[in-house]
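Structure first, commentary second.
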Amino acid sequence: MQFRDLKKQYKVLKKEIDEAIVTVAANGNYIMGNQVTELESELADYVGVKHCISCANGTDALTLAVMAWGFGEGDAVFVPDFTFFSSGEIVAFEGATPIFVDIEEDTFNMSADSLERAIEIVLAEGKFSPKAVITVDLFGLPADYDKISAICKKYNLQLLEDGAQGFGGKIREKLACSFGDISTTSFFPAKPLGCYGDGGAIFTNNNQLAELIKSLRIHGKGTDKYDNIRIGMNSRLDTIQAAILKVKLKAFKQYEVEDINKAAKRYTEMLDGVVKTPLVPDEFLSSWAQYSILLENKEQRNGLQAFLKENDIPSMIYYIKPMHEQGAFIDFDCCKVDLSVTKSVCNRVLSLPIHPYLTKEDQEKVVINIKKFVGVIA
Ligand SMILES: *Cc1c(COP(=O)(O)O)cnc(C)c1O
C-alpha cells in the first residue's frame, strides 16, 4: 500500500500525460511555452479569480506575494504555529517577523480567537507593525475565512492564503485560492494537484499586484527580461510541468476531488468511536491533502505508527514540531500567545494513506489494524 499512490494515477492518465510530455519535447518551447499561459487561464477559471501567475514552487509563490506587498524589517505577519516550514520561513526571508498563532484542534486550522489575541498584543507592545495574516488551508480544508477575513478588515491587514494543501477545497461555492487578497498554491507531486517536479501558482483579483508579481517572477522585468526595473527572482513554471498539469487538472475536476472525498468519508464512518477523526465543518469541502487522526497521547500515537509499519501500512506525522520550536526561529520574538493546542496536536497527530485511487479493501486493512491496536477488536 502506498501513502499517496502517484504511480497508480500515472497508469490511469498515462496515454494523455505521455503525449503531453512528448509534445513539449518535440516543440522545443521549454520555457514559458503556450501550455503555461493556457494552464494559468484554466486555473484562474476553475478557482474563480481574475489572475493566475504560475511560478517555480509553492514557497516562491508565497515569497513573491510578500515581495509584492513589500513587507520587511519591523513588520509582523501572523502565521499558524501548525504548518509546513515555508509558511513562516518566507516571512523571515523577507526580513519581517512571523508571529505564531494557535490552531483549533477539530480542524487543525488557525484559531480566530488566538489570532485576534496575538494582534492585540503586538499592537499594545508597539515593537512591530502588523501587516498581514497568512492562513493555511491545512490538510486540504479551507481555513475559517468567515471569521478571519473579518479580523483582517477590522485591523486593516492583508490576507495571504497559503493554499499549498488546499487546492480544490471549498466553502459553500467559493473555492480555495480565492479567499486571500493574494492566494498561493504548490504543485509539489504529493499535493492535491501535483506535477512531476516542483511548481506553484499565485492567484489575485488585484490588477496592480498581478502586474507586479509577473515582473518579480522574471528578474523584475519591465518591457522584457533585459529591461530590469526592480530586483526580482527567476521563478517560472516549466512548460513540461504545465503540460502535465493540464492533463491532471481535468482528472482533478472530473473525479479526483469527488473520489478522495468518498475515501475520506469511508475512513470517518469506519473509525467512528475508535479514534478522533478530522472535522469538516458544515458547508466546507476538503480536498484531503492528508487524512489526519488524533490519538490520546504521544505514546499511543508512536505505538500505532510502529504497529501499522509492522503490518506494511505507511503513515506520516504532519507535523512533529510546532513552528515556534524550529531551531531557525529560536532567536525570533515570535511567540506572543499560548500555543498549547499546537503542542498537544504535534504529539498526537497521525496521517493515514489517502488518495483518489485508494481502494476500499486497503482502507479496511488500515482500519482493522487501528482497531486492533487501540483494543476495539482482538
Ligand atoms: C508544501 C507546502 C508549501 C511549499 O510548497 P513547495 O512547492 O514545496 O515550495 C507551503 N506551504 C504549505 C502549507 C505546504 O504544505
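Taking segment 264-275 as the range and being surrounded by 22 or more Cβ atoms within 10 Å (Cβ to Cβ) and part of a helix (DSSP H, G or I) as the test, the residues that pass are 264, 267.
For segment 35-55, a residue qualifies if it is touching a residue at least 24 places away in the same chain (Cβ under 8 Å), in a helix (DSSP H, G or I) and not hydroxyl-bearing (Ser, Thr, Tyr), and the qualifying residues are 35, 36, 38, 39, 40, 42, 43, 44, 47. If the condition is being assigned to a loop (DSSP other than H, G, I, E, B), of a type in the set (D, E, K, R) and under 30 Å from residue 294 (Cα atoms), then segment 79-134 contributes 81, 102, 104, 105, 106. Restricting to segment 226-253, and then to whatever is basic (Lys, Arg) and under 30 Å from residue 14 (Cβ atoms), can you tell me which residue is surrounded by the most Cβ atoms within 10 Å (Cβ to Cβ)? Step by step, filter segment 226-253, then rank; the result is 248.
If I ask for residues that are surrounded by 15 or more Cβ atoms within 10 Å (Cβ to Cβ) and not hydroxyl-bearing (Ser, Thr, Tyr), which ones from segment 22-40 would you list?
As a first pass, look at segment 22-40 and keep what is surrounded by 15 or more Cβ atoms within 10 Å (Cβ to Cβ): 23-24, 29, 32-33, 35-36, 39-40.
The answer is 24, 29, 32, 33, 35, 36, 39, 40.
Only residues that are among the polar types (S, T, N, Q) and either under 26 Å from residue 146 (Cβ atoms) or not in a helix (DSSP H, G or I) (or both): list them for segment 276-304, please. Residues satisfying the conditions are 277, 286, 287, 290, 292, 297.
Quick one: in segment 152-198, of everything that is in a loop (DSSP other than H, G, I, E, B) and among the charged types (D, E, K, R), which residue is surrounded by the most Cβ atoms within 10 Å (Cβ to Cβ)? First the steps, then the outcome.
Step one: list which residues in segment 152-198 are in a loop (DSSP other than H, G, I, E, B), which gives 156-157, 163-169, 172-173, 176-181, 187-198.
Okay, now just the ones that are also among the charged types (D, E, K, R), so 172-173, 181, 191, 198.
On the way: 172: 10, 173: 8, 181: 19, 191: 23, 198: 19.
Among them, the one singled out is 191.
Against the numbered list (1) buried (at least 19 other Cβ atoms within 10 Å of the Cβ); (2) part of a helix (DSSP H, G or I); (3) of a type in the set (Lys, Arg), residue 4 comes up short only at (2).
Within the set 73, 38, 89, the sole residue that is more than 16 Å from the ligand (Cβ to nearest atom), within 30 Å of residue 129 (Cα to Cα) and either modelled with pLDDT of 95 or more or not β-branched (Val, Ile, Thr) (or both) turns out to be 73. Looking only at residues that are buried (at least 18 other Cβ atoms within 10 Å of the Cβ) and away from the ligand (no atom under 11 Å from the Cβ) in segment 125-142, which one is farthest from the chain's Cα centre (by Cα)? Checked segment 125-142; the qualifying residue farthest from the chain's Cα centre (by Cα) is 128. Residue 218 falls short on exactly one of the conditions (1) away from the ligand (no atom under 14 Å from the Cβ); (2) out of contact with any Ser or Thr (no Cβ under 9 Å at 6 or more places or on another chain), and that condition is (2).
Of the residues 44, 56, only one is in contact with a Lys or Arg (Cβ under 7 Å, 6 or more places away or on another chain), within 16 Å of the ligand (Cβ to nearest atom) and closer than 19 Å to residue 200 by Cα; which? Reasoning before the result, please.
Numbers: 44 fails: within 16 Å of the ligand (Cβ to nearest atom).
Unique residue meeting the criteria: 56.
Are any residues in segment 167-203 under 17 Å from residue 248 (Cβ atoms), small (Gly, Ala, Ser) and more than 13 Å from the ligand (Cβ to nearest atom), and if so, which ones? Listed by number, the list holds a single entry, 168.
For segment 308-336, which residues satisfy the criterion of being of a type in the set (Lys, Arg) and part of a loop (DSSP other than H, G, I, E, B)?
Of all residues in segment 308-336, those of a type in the set (Lys, Arg) come to 309, 321, 336.
Once the filter is applied, which keeps residues that are of a type in the set (Lys, Arg) and part of a loop (DSSP other than H, G, I, E, B), segment 308-336 yields 321, 336.
The values are calculated or read from the model by the stated rules, or taken from the named source; none is laboratory data. In this text the structure is predicted, and so the values were computed from the model without any measurement. A quick note on method: Cβ atoms are made from the backbone with ideal geometry, for glycine too, and the neighbour counts reach across all protein chains shown.
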